[in-house]
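A quick write-up on the structure given underneath.
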């Protein structure tokens, strides 16, 4: 048993690929060994800007002996009159044995032989080649250098390959693998020799290379937090940025710099976007979440003159913040409403018109939903004139929700759309609820992010997302299994979350129909509306799958054709409670039986139930219980109460009925009356959800 170490040393890798390449390389080597029957108990992967490596401890020095099996021609072709044919003899010759040594199994010639396991050190080159192919698949663009034709992410400068103390005969990229590696480019640029794989990580650390990605990331996070504490605040640490910075350095050293006080006039989000996105720095906030005039960055060197390093970082960030300050000051020279007219020059989608046209559609749909929530009735279009007092904040928020797209700041920082509109609205004198609605109308941006916090923000967000869904469907560009360029799945899920979590009782069918009718392009018909509703309802399935809802419960509600997500959710939650009751499974099983009987009965039992035709007391008891249930004072939308009452009152008489009587009685009148009773019972069992869909 010996340790295996392989390292690829190269010019600086793109940060976004460092961790991926390191993990893929290690896993590919492990997989290659495993498929060759060499077990791997554990492994360590290493990834820095200049190296990808894997260390596998205690690896067997050879494969176990292998049983080689080859299958030959069918016996019908290999034998004729009991004698081998040329096909049979040819197979035997290719196996290097006499025909008599071949086995005959399942009508076929079979050759088996024992083969001594190959040495691990001999297998590594072919495993290494397979690993390189898998790494190449991760990177769409690779480099070729020198006179060679081989490619890799970046030019490869050295190879290291050891099995115990032995060198592995590995050749690639015009290089022969050795036992040399290199430390930090500036602190320890000379080659160092690795005598044994187990020494690798420690030896590199002595030359200022922190090779393990995960522990290097932890160390960077620790240093950032310590530096922020010294500055009297807490660092904002985005995990994606932390990973990127970890991939950029081999020997992390946290340092801090100052942000000039004049730049604090900018909204903090602008400073964060400038410092994080452009410079890969970390910002610092005080205990009240106020931005402090500092940034933290990670150097890749322990400088003897750290003041110069800090000064250099401050000098780099200063012009970017100066540009941002200029954009801010220029944008503020006009009130936000002045930017509305400029939206007519910005295209939303060539077949769906400009952003200005989209805003008009959002406004119409938003007012429609607002009126429906204020005065529940059938959805109806409203004229643009006469904005009521209750509609005014919504009207203002919708009108200006996209205005910041015409500002200099959002042109430079697209990720700040909505946020800048909120600041500009507040500076233009609009109330907080309008500014907040503008800020939040893109929410939720992804799974886990909150929905808008205000009613106006929720309605604007809904109208915006619904218009996009309807528009893209109208022009025939709905998502495929592999492509969703307009992020319609995310938009649909956002709509559902707002309606459910915001407790807005709006019917999807109605508002989607209105959204489709408003589109300027494409052919709109009933089939398109059904297609769009189905698309959104499938996202609702995903919503509940993430919340561990059994598929049967989703189908139990969906089968009723419920298209109001809030109502759908209330029924689903009632089903969860119902299923915990002792009688639930028995009632579900009985309802399955009822549905099957009704299916067999066809159109029979359409007449009202006639109590005079009852022949057994169980029929009378079930009918009386049904009447009591139907006349109970429970509200129609008290779904939990209704299901609990079903379980407590109906389970026993239903079981007694099926025990005592045969539904398909010989007497047609009696049979039809019993079917009519089951139809009435079926309607009760499908008031909240189709209970027969549940496992029972």
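Read the figures in this text as sums done on the coordinates, not as results from a lab. What you see is a predicted model; the values in this text were computed from it and never measured. Cβ coordinates were reconstructed from backbone atoms using ideal geometry, including for glycine residues, and neighbour counts include every protein chain displayed.
Remarks
- By other beta-carbon atoms within 10 Å, ranking 260, 203, 24 with the fewest at the front produces 260, 203, 24.
- In percent, rounded to a whole number, the relative contact order of the chain is 8, using alpha-carbon pairs under 8 Å and six or more apart.
- Alpha carbon centroid spacing (whole Å) that separates segment 550-591 from segment 218-296: 49
- On the principal axes of its alpha-carbon atoms, the chain has extents of 100, 100, 47 Å, going from largest to smallest.
- Note on residue 349 and residue 67: with the Förster distance fixed at 45 Å, the Cβ-Cβ geometry gives a FRET efficiency of about 0.15.
- Label-point separation, residue 142 to residue 205 (7 Å along Cα→Cβ), nm: 3.4
- Extension gain for residue 60-residue 112 works out to 16.2 nm (0.36 nm per residue, less the C-alpha to C-alpha distance).
- Note on the chain: helix-only mean residue ellipticity at 222 nm, from DSSP H runs of 4+ residues weighted -39500 (n - 2.57) and normalised by residue number, equals -14500 deg cm²/dmol.
- FRET E, pair residue 278, residue 445, Förster distance 30 Å, beta-carbon r, rounded to 0.05: 0.90
- Ranked for footprinting exposure by Cβ neighbours inside 10 Å, fewest first, 480, 388, 354, 399 give 480, 388, 354, 399.
- For the listed peptides 339-345, 25-31, 366-372, a ranking on the average number of other beta carbons within 10 Å per residue, highest first, reads 366-372, 25-31, 339-345.
- Ascending count of other beta-carbon atoms within 10 Å, so fewest first, for 10, 401, 693: 10, 693, 401
- Using alpha carbons only, the radius of gyration of segment 338-548 set against its Kirkwood radius gives Rg/Rh = 0.94.
- Centroid-to-centroid separation of segment 138-183 and segment 1-42 [C-alpha atoms, Å]: 13
- Packing-based order for 619-626, 604-611, using average beta carbon neighbours within 10 Å, highest first: 619-626, 604-611
- Modelled FRET efficiency - R0 45 Å, residue 322 with residue 229, Cβ distances, 0.05 increments: 0.95
- Annotation for residue 134 and residue 41: the two label points, set 7 Å from Cα along the Cα-Cβ direction, are 2.2 nm apart.
- Extending 7 Å from the Cα toward the beta-carbon at both residue 577 and residue 538 defines two label points whose distance is 3.3 nm.
- Segment 576-693: relative contact order in percent, alpha carbon pairs under 8 Å with at least 6 residues between: 49
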